[in-house]
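The values are calculated or read from the model by the stated rules, or taken from the named source; none is laboratory data. Owing to the predicted nature of the structure, the values given are computational and were not obtained by experimental measurement. Cβ placement follows ideal geometry from the backbone for every residue including glycine, while neighbour counts extend to all protein chains displayed. Surface areas here come from the heavy atoms of the whole protein model, side chains and all, with no ligands, DNA or RNA. Shrake-Rupley method; radii C 1.70, N 1.55, O 1.52, S 1.80 Å.
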Amino acid sequence: MNIILLGPPGAGKGTQSAALVERHAMTQLSTGDMLRAAVKAQSPVGVRAKEVMDRGELVSDEIVSDLIDANLAAMEPGTGAIFDGYPRTAAQAEDLDALLAKHGRKLDRVIELEVDVDALVERITGRFSCANCGALYHDTANPPEKEGVCDVCGSTEFKRRPDDNEETVRTRMDEYRAKTAPILPGYEQRGIVSRVDGMAGIDEVARAIDSLLA
């Protein structure tokens, strides 16, 4: 089964993709991860991507499509693919259909993780991590058992991502609505779109996704 997980940044796509990989032995195809891996491996597409990024430019749809193409070619037949946050535009959606057909695959389901913007702002702006071991926390939902001390390693140093602020979250949400959400009607016409409450607990969201894939 080949699926797309859609939703704005912070909706939980990465978390749910990782869970699907573990439960169903699927392969997660995240453009960010693929880019980093290709650059590190110095593959032909990785070299091209690094040149673009070194110039401070955005990686083109052509390069992203080449990454998807290479990763689909490397997958074992019968292994399901999870497209995490891709496609982001109508042009990328067309490219993906062509690439899936090239590799004898088809898109089975598009799952959108729906979010409440205000709740999403609270979720993202409240998260932080241990600067030493990387353990994840949240101001209200998952604070350390002892204030100021990491539960895992005992460090007292924590950090927050600089882009985990309200302005950035709302800007990303606006961008998602403007560029990515418009690709959904085309998938809806094909009868493959389902929606899940992305603000529910991680396990509850996972169960909802599993029921859609059953």
Q) Across region 159-208, which residue is nearest to Gly126 (Cα to Cα) among those that are of a type in the set (S, T, N, Q) and open to solvent by 60 Å² or more (accessible area, probe 1.4 Å)? A) Thr171
Q. In this structure, does Ser155 turn out to be of a type in the set (S, T, N, Q), out of contact with any Leu (no Cβ under 6 Å at 6 or more places or on another chain) and modelled with pLDDT of 90 or more?
A. yes
Q.
Gly56 - would you say it is of a type outside the set (A, V, I, L, M) and assigned to a helix (DSSP H, G or I)?
A. no
Q: Please tell me if Ile63 is free of Cβ contacts under 8 Å to residues at least 40 places away in the same chain and in contact with a strand residue (DSSP E or B) (Cβ under 7 Å, 6 or more places away or on another chain).
A: no
Q | Check on Asp163, without any contact (Cβ under 8 Å) to a residue 24 or more places away in the chain, assigned to a loop (DSSP other than H, G, I, E, B) and over 20 Å from the mean Cα position of the chain (by Cα) | A | no
Q.
Looking at region 145-158, can you tell me whether even one residue there is free of Cβ contacts under 8 Å to residues at least 60 places away in the same chain, under 23 Å from the mean Cα position of the chain (by Cα) and open to solvent by less than 70 Å² (accessible area, probe 1.4 Å)?
A. no
Q. Within the group Ala49, Ala37, Ala70, which residue is in a helix (DSSP H, G or I), farther than 18 Å from Ile111 by Cα, modelled with pLDDT of 90 or more and of a type in the set (Gly, Ala, Ser)?
A. Ala70
Q: Report the residue count in region 124-141 for those that are without any contact (Cβ under 8 Å) to a residue 12 or more places away in the chain and out of contact with any strand residue (DSSP E or B) (no Cβ under 7 Å at 6 or more places or on another chain).
A: 1
Q | Sole exception among (1) surrounded by 19 or more Cβ atoms within 10 Å (Cβ to Cβ); (2) touching a strand residue (DSSP E or B) at 6+ places or on another chain (Cβ under 9 Å); (3) without any contact (Cβ under 8 Å) to a residue 40 or more places away in the chain for Leu35, by number | A | (2)
(Q) Given (1) more than 30 Å from Ser129 (Cβ to Cβ); (2) under 17 Å from the mean Cα position of the chain (by Cα); (3) loosely packed, with under 12 Cβ neighbours inside 10 Å, identify the lone condition not met by Ala214. (A) (2)
Q: From the list Ser65, Ser17, pick out the single residue that is farther than 21 Å from Pro182 by Cα, open to solvent by less than 20 Å² (accessible area, probe 1.4 Å) and assigned to a helix (DSSP H, G or I).
A: Ser17
Q.
Restricting to region 85-111, name every residue that is open to solvent by less than 20 Å² (accessible area, probe 1.4 Å) and under 20 Å from Gly198 (Cα atoms).
A. Gly85, Tyr86, Pro87, Val110, Ile111
